[in-house]
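For reference, the structure is listed below as structure tokens.
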Amino acid sequence: MDTIGYGMDISENISKKLDFGSTVYQNIGNLLNKIDTFRGKWQSIELKQTSYLKELRKIATIESIGSSTRIEGATLTDTEVDKLLKSVKISKFVSRDEQEVAGYYEALEVILDNYEDIGLKERYLHQLHGMLLKHSDKDQRHKGTYKALSNKVVANYPDGTQRTIFATTEPHLTQIEMEGLLAWTNERLGNKDMHPVLIVATFIYEFLSVHPYQDGNGRLSRLLTTLLLLKQDYKFIQYVSFEHIIETKKEDYYRTLMEGQKNRNKEEEKIEKWVLFFLDCMLILTERLEAKYAIYSKLKTVINERQQARIEYLGEQLSAAVSDLENALPGYSRNTLKKDLAFLVNEGLVLKTGAGRGVRYHFHELKNL
């Protein structure tokens with residue numbers, strides 16, 4: 001069984017991993033075509049719907065932070081994440097989960113607001129990794145620097161158990177392998193000789209295989225996915241959570257990584273299953289975003305401005321009591337408010353829970369699709 005030296009010829013090495021059969025490439029082409037068709041449609045939507053997109057981005061941010069940290073073993077729900085983020089300026093986060101959420105939030109916000117100025121360079125990766133682990137007490141020594149000790153990819157499960165997924169690059173080879181990977185990715189993106197989403201999928205697989213940092217590699221890989229897709233003009237990625245889709249397909253996520261990794265640095269290493277998984281997740285993402293927009297279009301035709309204001313308030317708060325809505329949106333009678341809520345519940349646009357004084361209304365369709 002022949003072995004490949006990773007640092008000797010990165011282009012040839014990766015090309016072998018992408019040497020798929022015609023049927024696989026046909027499937028990849030079909031998926032990319034659907035993703036790009038949606039991107040074209042979304043670009044025209046993005047020019048017109050600024051207030052709605054702001055709300056979508058807020059919801060996606062909460063879901064992304066919650067999902068990405070839960071994949072690595074955190075337990076905070078999206079509601080708990082949202083509550084924490086409203087007090088994110090507090091100076092000390094007590095629990096490990098809170099520390100990870102705060103770090104992910106800060107790194108993600110930097111990417112969303114500054115992606116055009118963040119290059120795929122070692123110093124930016126170190127800076128993002130430092131932000132990611134900024135609040136993590138146990139990670140202060142090694143944040144923002146490549147690993148000094150061997151590590152491995154493990155799957156964390158809600159019951160506290162772990163499963164080793166695969167071994168990773170040894171510390172003494174990390175620097176050279178990352179230099180080669182960054183050079184290959186930037187060259188491919190610059191030359192435009194491969195579809196950009198295929199380049200991104202390959203980069204993420206290689207990044208996770210190297211596992212360059214002592215901790216935080218999984219979370220950073222998902223942040224880098226968002227960064228690279230935004231830089232390649234797939235701007236819809238910020239409006240629906242890619243991380244949430246990964247969380248719901250966690251078993252497939254690890255399985256497809258293992259399929260390539262079991263033959264790491266051998267001639268047999270192929271990553272078609274990972275690439276197809278990555279593209280399938282992106283396609284699901286486009287379908288969810290399209291469904292959310294379809295409901296938004298329905299909102300614009302079946303509800304009036306007053307009812308739209310109720311929806312927008314619930315979108316900000318995620319849930320509220322009648323008294324909350326009454327105080328937040330004065331100028332209308334309580335009876336009118338109750339009629340609006342009954343109509344929105346009947347239309348399936350708002351979810352009602354509880355009874356009597358415990359009744360609460362929740363932002364429903366746009367969040368949970």
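Descriptive notes on the structure:
- One residue stands out in the range 1-30 among those that are at pLDDT below 90 and of a type in the set (A, V, I, L, M): the one that is nearest to the chain's Cα centre (by Cα), namely Ile10.
- Some residue of the range 201-208 being part of a loop (DSSP other than H, G, I, E, B), buried (at least 19 other Cβ atoms within 10 Å of the Cβ) and on the phi < 0 side of the Ramachandran plot: no
- Residue match in the range 50-58 (condition: touching a residue at least 40 places away in the same chain (Cβ under 8 Å) and in contact with a His (Cβ under 9 Å, 6 or more places away or on another chain)): no
- Sole exception among (1) at pLDDT below 90; (2) more than 30 Å from Gly354 (Cα to Cα) for Gln317, by number: (2)
- So Thr79, is it under 28 Å from Lys231 (Cβ atoms), among the hydroxyl-bearing types (Ser, Thr, Tyr) and touching a residue at least 12 places away in the same chain (Cβ under 8 Å): no
- Residue match in the range 214-235 (condition: of a type in the set (Phe, Trp, Tyr) and more than 20 Å from Asn151 (Cβ to Cβ)): yes
- Within the range 115-167, being β-branched (Val, Ile, Thr) and either part of a helix (DSSP H, G or I) or modelled with pLDDT under 85 (or both) holds for Val153, Val154, Thr161, Thr164, Ile165.
- Residue match in the range 168-185 (condition: outside any helix (DSSP H, G or I) and buried (at least 17 other Cβ atoms within 10 Å of the Cβ)): yes
- Residue within the range 91-106 that is free of Cβ contacts under 8 Å to residues at least 24 places away in the same chain and closer than 24 Å to Tyr234 by Cα present: no
- Of the residues making up the range 287-312, those that are closer than 28 Å to Ile245 by Cβ and either among the hydrophobic types (A, V, I, L, M, F, W, C) or modelled with pLDDT of 80 or more (or both) are Glu287, Arg288, Leu289, Glu290, Ala291, Lys292, Tyr293, Ala294, Ile295, Leu299, Ile311.
- Single unsatisfied condition, Leu84 versus (1) touching a helix residue (DSSP H, G or I) at 6+ places or on another chain (Cβ under 7 Å); (2) modelled with pLDDT of 95 or more: (2)
- Some residue of the range 198-205 being of a type outside the set (S, T, N, Q), under 20 Å from Ile28 (Cβ atoms), at pLDDT 95 or above and within 13 Å of the chain's Cα centre (by Cα): yes
- Flag not set for Ile59, criterion: farther than 26 Å from Pro171 by Cα, modelled with pLDDT of 95 or more and part of a helix (DSSP H, G or I).
Residues checked against (1) in contact with a helix residue (DSSP H, G or I) (Cβ under 7 Å, 6 or more places away or on another chain); (2) closer than 18 Å to Ser68 by Cβ; (3) in contact (Cβ under 8 Å) with a residue 60 or more places away in the chain; (4) surrounded by fewer than 20 Cβ atoms within 10 Å (Cβ to Cβ):
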{"site": "Leu227", "(1), (2), (3), (4)": "yes, yes, yes, no"}
{"site": "Lys231", "(1), (2), (3), (4)": "yes, no, yes, yes"}
{"site": "Asp252", "(1), (2), (3), (4)": "yes, yes, no, yes"}
{"site": "Glu272", "(1), (2), (3), (4)": "yes, no, yes, no"}
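The values are calculated or read from the model by the stated rules, or taken from the named source; none is laboratory data. Note that the coordinates shown come from a computational prediction; the quantities given were computed from them, not determined experimentally. Note: ideal-geometry Cβ built from the backbone for every residue, glycine included; neighbour counts use all protein chains shown.
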